[in-house]
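S.K.: Structure in structure tokens, see below.
The values are calculated or read from the model by the stated rules, or taken from the named source; none is laboratory data. Being a predicted model, the structure only gives us computed values, none of them experimental. Here Cβ is always computed from backbone atoms with ideal geometry, including for glycine, and neighbour counts include all displayed protein chains. Keep in mind that these areas ignore ligands, DNA and RNA; they rest on the heavy atoms of the full protein, side chains included. Shrake-Rupley method; radii C 1.70, N 1.55, O 1.52, S 1.80 Å.
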Amino acid sequence: MEFSTTMRVWTLFLLLLLLLKSDIVHSASDYLIGLGSYDITGPAADVNMMGYANADQIASGLHFRLRARAFIVAQSKGNRVVFVNLDACMASQLVTIKVIERLKARYGDLYTEKNVAISGIHTHAGPGGYLQYVVYIVTSLGFVRQSFDVIVDGIEKTIVQAHENLRPGSIFVNKGDLLDAGVNRSPSAYLNNPAAERSKYKYNVDKEMTLLKFVDDEWGPLGSFNWFATHGTSMSRTNSLISGDNKGAAARFMEDWFERKGSVRMDSVGFDDGIPRRISNIIPSLHDNHHELLELAASFQSPPGKPATKTSSVARRVRGVLRQVDKPRFVSAFCQSNCGDVSPNVLGAFCTDTGLPCDFNHSTCGGKNELCYGRGPGYPDEFESTRIIGERQFRKAVELFNGASEQIKGKVDFRHAFIDFSQLEVNLSNSEVVKTCPAAMGFAFAAGTTDGPGAFDFKQGDDQGNPFWKLVRNVIKTPGKEQIDCQHPKPVLLDTGEMKLPYDWAPSILPIQIFRVGQFVILSVPGEFTTMAGRRLRDAVKTVLSGNKDFGSNIHVVIAGLTNTYSQYVTTYEEYEVQRYEGASTLYGPHTLSAYIQEFKKLAHALISGQPVEPGPQPPDLLNKQISLLTPVVVDGTPIGVKFGDCDSDVPKNSTFKRGDMVTVTFWSACPRNDLMTEGTFSLVEFLQGRDTWVPAYDDDDFCLRFKWSRPFKLSSHSKATIEWRIPQDVTPGVYRIKHFGAAKSLLGSIRHFTGSSSAFVVA
């Protein structure tokens, strides 16, 4: 009897030890959790990109695809919340309205604007035209229905995925500092904050990344979402390839890392020698004989282009091929926070003519803002800067993911309200009552930033304005005395809040929202808070919550920037006085931040007391008023004797390339607007397995592959697709070829899909 008892004790001890050592964290599940992801890549041609407001920045290809990623956390007999992270510049009020309408039609009142948050990562390299207010769609020639539809469709499908994936699981939180992924691009404004306040912080930007790790009771880790503040401006204002910028890249890197984890030798924190890829793990190396490889490659010459089905490119996607049946795909999102004054161009801002640092107060060079540019860590290569800043975030996220041990426990709850920020009374701490103003942009808005300078003779730090531009402004709309006084010291350049033709130029009614999942709190804000503005908001809410015994002192509060709609910037009162770009873009006047703090404190009090809040006035749905001046695709054609998909410029015969080389192939193509290839690919690199089986190796989702589209002149029906493959360092040697998928429009309007292939070549 004594022996069997001892054996039972040892058995239980060993079982417990095995569980602790395994990757799967077993615990009593407080939540149902589900994650989802879907393609939201918009038109890769003709459409202006959203972010820099540069009319010349027109999409003409693809760096890598954009995605929506979502998590749902639900209590089995209680509340639930949905958080969606978009590889897009920002959320859109109209997108949010239409997504909620679709969710209501599908699920009733299970998902509403109260418990659904839709946030953008702030890439400046995604197609524009999906917002409803005039000022945000001027450069895109109005509303772009294709941009709008693919985002709405993708968000809905992402949430449906997450909903259908709901299963018992646990959540863990971890946080840590990432020191080299962001710098303050408006330090002179930051220095105007009180010295006593600044002395509480080591840095003039937030360096902390906060990560949630989602663990399924059966499958183990499902994914992670993290919040970290840095702008999506590693890609420049002249880039024309659709890209998720540094945060989109980080998400790709981490999702691929997890798929690869455990199948190759890793170091102590889970990294191999380079950016993670999986082809070297799923395909054995075939041949060591270089001559044999050349002979094999020579037997696959570029064939003529041929017809394809609409789903051909979807079927050949790399990640689609690798999907494990039944098990949800690992989802990793790199979410935006209070990034208003945070640049990823960490080397600093320099003058392009002299190479000297820009003027500290005005970010000018000899009085001109156009010459002052921030430099990323890969300068002068913006793709390399994007990779580096993305990889730095990815590596920190992996470290936090592997070390996450604090379990999230407690209620799921939420509060949401619509607030009219154009005329909100605000009670300041000194008992003074002030008001916010109708939206307006200052002169320094037109100066741009060191990430993307403006034009003409505008400059940051301008609190006076310019007589000539005031005359130009008055032709459009002359601000009244009340508005000028309310916005002071901002000199009003565009009185957008009072401009109503052909419809509203700027929002007045904004959503604010709090999510609670146990001791983790998300503050959803519809704009870009600067570093100090975000700190003040977080501290104010945390002070309210920490006074409640249900929370205790261990509260994690993050800001989700650019969420549910977009209303530009929010600075502190002191930063607003300096009138750099961020202050000039703080729409509702000097007391905007105080208004946010006041209203978020109300939501926080309601959250802890269990009381409802007034829903507030509904924002307008302006879909039926939208105007679009973007010309449609009329027809695609090729020269006589040429087929769609034919190679125009092939790889040289008997080619051998090595790691780091660029392989370039050009095909006769058609306008990418004919088919967005959603969940598919325009470009594909295939690996020859055996002597006759081509296996997908790299596609549109890969950082190393670029799709560039061009035509000889704007109205030409002829176009070409150039595919560039920078061969990764961890590539498997062997025989490869490059493929292109496209869709052509006939004069009668029908769409014909096609594909083409290069000749095969050797990678040694």
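S.K.: Where in region 273-334 are there helices (runs of 4 or more DSSP H), lying wholly inside it, with at least 2 residues that are of a type outside the set (A, V, I, L, M, F, W, C), at pLDDT 60 or above and open to solvent by 30 Å² or more (accessible area, probe 1.4 Å)?
M.R.: 290-298
S.K.: Yes or no: TRP694 crowded, with 23+ Cβ neighbours inside 10 Å, more than 23 Å from ASP149 (Cβ to Cβ) and over 22 Å from the mean Cα position of the chain (by Cα)?
M.R.: For TRP694, the condition - crowded, with 23+ Cβ neighbours inside 10 Å, more than 23 Å from ASP149 (Cβ to Cβ) and over 22 Å from the mean Cα position of the chain (by Cα) - is not met.
S.K.: Tell me which of these ARG392 doesn't satisfy, since it passes every other one: (1) in contact with a Ser or Thr (Cβ under 9 Å, 6 or more places away or on another chain); (2) not in a strand (DSSP E or B).
M.R.: Here ARG392 clears every test but (1).
S.K.: Could you tell me how many of the residues in region 141-152 are in contact (Cβ under 8 Å) with a residue 24 or more places away in the chain and either within 15 Å of ASP87 (Cα to Cα) or open to solvent by 20 Å² or more (accessible area, probe 1.4 Å) (or both)?
M.R.: 8
S.K.: The conditions are (1) farther than 20 Å from LEU35 by Cα; (2) buried (at least 24 other Cβ atoms within 10 Å of the Cβ), and TRP227 fails exactly one of them. Which is it?
M.R.: TRP227 satisfies all of (1) farther than 20 Å from LEU35 by Cα; (2) buried (at least 24 other Cβ atoms within 10 Å of the Cβ) except (1).
S.K.: Under 7 Å between Cβ atoms, which residue pairs at least 6 apart in sequence (or on different chains) link something in region 58-70 that is closer than 23 Å to THR563 by Cβ with a partner that is at pLDDT below 95 and charged (D, E, K, R)?
M.R.: Every condition considered, no pair remains.
S.K.: Please tell me if TYR379 is farther than 30 Å from THR112 by Cβ, in a strand (DSSP E or B) and at pLDDT 95 or above.
M.R.: Taking the combined requirement at face value, the residue does not satisfy it.
S.K.: Tell me which residues, restricted to region 570-592, are open to solvent by 10 Å² or more (accessible area, probe 1.4 Å) and within 26 Å of the chain's Cα centre (by Cα).
M.R.: TYR581 - this is the single residue of region 570-592 that is open to solvent by 10 Å² or more (accessible area, probe 1.4 Å) and within 26 Å of the chain's Cα centre (by Cα).
S.K.: Sticking with this one: Please count how many residues of region 54-92 are closer than 25 Å to GLN618 by Cα, surrounded by 24 or more Cβ atoms within 10 Å (Cβ to Cβ), out of contact with any helix residue (DSSP H, G or I) (no Cβ under 8 Å at 6 or more places or on another chain) and not aliphatic (A, V, I, L, M).
M.R.: Final tally of qualifying residues: 3.
S.K.: Checking the conditions here, which among LEU676, LEU688 is over 29 Å from GLN146 (Cβ atoms) and aliphatic (A, V, I, L, M)?
M.R.: LEU688
S.K.: Also: So how many residues does region 402-448 have that are in a strand (DSSP E or B) and under 27 Å from ALA604 (Cβ atoms)?
M.R.: 17
S.K.: List the strands (runs of 3 or more DSSP E) that sit entirely inside region 645-738 and contain at least 1 residues that are under 25 Å from ASP153 (Cα atoms).
M.R.: Result: 683-689, 693-699, 705-710.
S.K.: On the basis of being polar (S, T, N, Q), open to solvent by less than 20 Å² (accessible area, probe 1.4 Å) and touching a Phe, Trp or Tyr at 6+ places or on another chain (Cβ under 6 Å), does THR531 make the cut?
M.R.: no
S.K.: Given (1) modelled with pLDDT of 95 or more; (2) open to solvent by 10 Å² or more (accessible area, probe 1.4 Å); (3) under 29 Å from SER186 (Cα atoms), identify the lone condition not met by ASN466.
M.R.: Evaluating ASN466 over (1) modelled with pLDDT of 95 or more; (2) open to solvent by 10 Å² or more (accessible area, probe 1.4 Å); (3) under 29 Å from SER186 (Cα atoms) leaves (1) as the failure.
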